[in-house]
Every structure is written in C-alpha cells, then in structure tokens.
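The structure under discussion appears below in the form of structure tokens.
Only the coordinates and a few stated rules stand behind these numbers; no lab work does. Values in this document were obtained by computation on a predicted structure and should not be read as measured data. Virtual Cβ from ideal backbone geometry, glycine too; neighbours counted across all protein chains shown.
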Amino acid sequence: MTPANLAPFYAKEKGFFLKNGLDVDLSLIDGGGKAMAALIGNSVDIAQLGGTETMSAYVGGGDVQAVTLFVPVSPWVLMAPASYTGPTDLRGKTVGVASKGGSSEVAAIQAVERLGLKLTDVTVLPTGSVANLTAAMLANQVYAGPGHPPDTAALFKAGYKVIMDLAAQKVPAVENCTIVTKKYASEHKDVMQKYVDSLVQSIVAMKKDKAGTLPVMQKLLNVSDQDALSETYDYYVTQIFPIYPELTLDAWSYSRDELAKTNAAVKGLDVSKVIDNSFVKNAQDRKVGG
C-alpha cells in the first residue's frame with residue numbers, strides 16, 4: 001500500500017463511489033508490474049499504478065492509457081546509512097528499488113546521476129514492492145534505496161539519512177495514475193467519468209479535513225505512528241495531490257526520457273497516445289471539485 005493510492009481508498013471509505021452510482025471493489029495487487037498484468041488480462045477493470053509501467057506496457061503492445069495523474073512530481077528521496085559521507089560511498093554498492101521499470105527505479109537512477117555518478121557505478125536490485133524495498137534496507141540487504149512517507153519514518157528511526165531529495169527539487173514524475181484499457185474506456189465512458197468524479201471529490205474532501213483523513217490513511221497503510229501519518233498527509237494531500245489530476249505532456253515526456261535509460265523501447269514514444277485528459281477535463285468543466 002502506498003499513500004499515492006489514498007484517493008480511491010478514501011472514495012470507497014467515505015462513500016463517494018456509491019454516491020456516484022458505483023459499487024467499487026478495491027484489491028491490492030502488490031507491484032505495478034503485476035497490477036498491469038491483471039489489467040491487460042481483464043482481471044481488473046481499472047488500475048492505479050505508475051505511468052512508467054504504463055508506457056512500458058504500451059510499447060510492449062498493451063492497449064492501455066492513463067486518465068488521471070495524482071503524483072506529478074517525484075515523492076522520492078534516496079536514503080543511505082548514517083555512515084554515508086559522499087557519492088563515492090555508493091560506488092560498487094547495491095541500490096534497491098521496488099520493481100524493474102517502475103517509478104522507484106526511475107527515481108533511483110535520477111538520484112544516482114544527480115549525485116554525479118553513472119548507473120554503472122552501482123548495482124540496481126528490484127525487490128518486488130515498496131514494502132519489500134523498505135524491509136531490505138532495514139535488514140541491510142541493500143546499501144541504499146529510494147523512499148517516501150510513511151516508509152521514510154521507519155528508515156529515519158533506523159539511522160538512515162537523505163542523500164538526494166528529488167521531492168524537494170520538484171522533479172517531474174508520473175507516479176500514480178488511473179490506468180484502463182482503451183477498449184474499456186471507450187465502452188464504459190459513463191463508469192469512467194463517475195470514477196474520476198469520485199476521485200476529484202475525494203481530494204477536495206481530504207484537503208479540507210485532515211482529522212478525518214488520518215484514520216482512513218491509518219487503515220490504508222496499516223501504520224499507527226501518528227507523526228508518520230501526519231507527515232504523510234502534509235506531504236501528499238497538502239503539497240502533491242492536485243484537485244484536478246490532469247495529465248501533462250511535459251511530465252510524461254520527461255518521465256519517458258528517464259525510463260528510456262533502462263527501457264530503450266520507449267525512446268521517442270509519442271506520449272499523447274498513452275494519455276486521455278477527457279475525463280478530468282469533463283469533471284473540471286462541470287466544477288466537480290468546486
């Protein structure tokens with residue numbers, strides 16, 4: 001579970017889906033790659049996952065598109081043990097990521113390069129999920145890795161420190177999106193509009209009610225540390241989540257170029273073929289978010 005998925009979970013918990021005539025079943029599929037496979041295989045109708053996985057799936061022949069973007073800037077910081085003194089300490093070390101081709105890998109590569117190193121200076125190890133990545137770091141199975149709230153709270157307590165802050169630099173990202181197959185979206189426009197409306201209404205409600213959002217977040221993330229939850233709310237809900245989760249060509253183009261460093265198939269991809277802003281625009285035109 002990740003706080004980036006808070007909007008659909010809040011919409012379910014607070015009844016926004018039902019108010020809009022939808023009976024939504026939320027299922028955790030751990031890892032963007034597995035979630036994408038479930039979407040393409042029609043095991044799920046809608047998926048919440050990263051734009052990098054979406055672009056990789058599209059160039060691989062997947063009939064997929066993004067209709068929202070909730071995290072348009074990187075939420076990641078690269079963390080290393082307290083003994084870290086400088087970029088040279090990373091040379092020859094293993095940097096953990098959640099999944100191959102996922103947003104955490106893109107973030108790790110960005111952070112390593114911004115530290116003045118080459119990708120060949122480190123070994124990048126996929127761990128399977130964000131939870132696995134955090135566990136691997138805490139168990140010293142990898143030297144460093146990207147993290148974000150609330151996982152960073154446990155890492156800070158274990159003595160890890162931030163060595164590159166992509167979040168503070170507002171690096172463009174396509175971190176969490178609503179993804180569907182183009183076939184499903186064209187055949188269920190009414191359902192998709194109600195789904196997007198529900199997410200917009202949830203964001204508006206969350207931004208106005210921190211006290212009411214924290215218990216929902218606690219249940220979603222299975223985190224009881226109130227300081228960690230408060231930090232996560234302040235970061236994601238206050239600073240990152242837009243009321244209207246528009247998909248911007250700039251963010252997608254930037255992320256495509258970063259992804260191309262490890263997936264040459266996406267090089268030169270026309271990102272406009274992978275995004276559809278019509279549902280967000282419809283909601284905005286009707287002032288669903290006020």
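Assorted remarks:
- For segment 169-254, applying the loop criterion from DSSP together with a ceiling of 16 other beta carbons within 10 Å to the trypsin sites (Lys or Arg not before Pro) yields 170.
- For segment 1-45, the list of trypsin sites (Lys or Arg not before Pro) that fall in a loop by DSSP and count at most 11 other C-beta atoms within 10 angstrom is empty.
- For segment 239-268, the list of trypsin sites (Lys or Arg not before Pro) that fall in a loop by DSSP and count at most 12 other C-beta atoms within 10 angstrom reads 267.
- The chain: antiparallel DSSP beta bridges as a percent of all, rounded to 5: 75
- Considering only beta bridges that DSSP places wholly inside segment 77-165, some 60 percent are antiparallel.
- Cα-based convex hull, the chain, per residue volume (Å³, whole number): 117
- Under 12 Å from the Cα of residue 19 - aspartates and glutamates, other chains or at least 8 residues apart: 197
- Rounded Å value of the spacing that divides the Cα centres of segment 35-83 and segment 234-290: 11
- Simple spin-label estimate for residue 25 and residue 165 gives 4.4 nm between the two label positions (7 Å along the Cα-to-Cβ direction from each Cα).
- Pairs of Cα atoms nearer than 8 Å and 6+ residues apart set the relative contact order; for the chain it is 30 percent.
- Using a Förster distance of 51 Å, the FRET efficiency for residue 264-residue 208 (Cβ separation, nearest 0.05): 0.70
- Cα gyration tensor, segment 162-290 - rounded (a/c under 1.5), prolate or oblate: oblate
- About its Cα centre, segment 77-165 has a charge dipole of approximately 100 debye under the convention of +1 per Lys or Arg Cβ and -1 per Asp or Glu Cβ, with nothing else charged.
- Screening the chain for DSSP H helices whose Cα atoms reach 18 Å or more along their own axis and whose mean Kyte hydropathy is at least -1.0 gives 189-208.
- GNM flexibility winner over the chain from 104, 56, 27 (Cα, springs under 10 Å): 27
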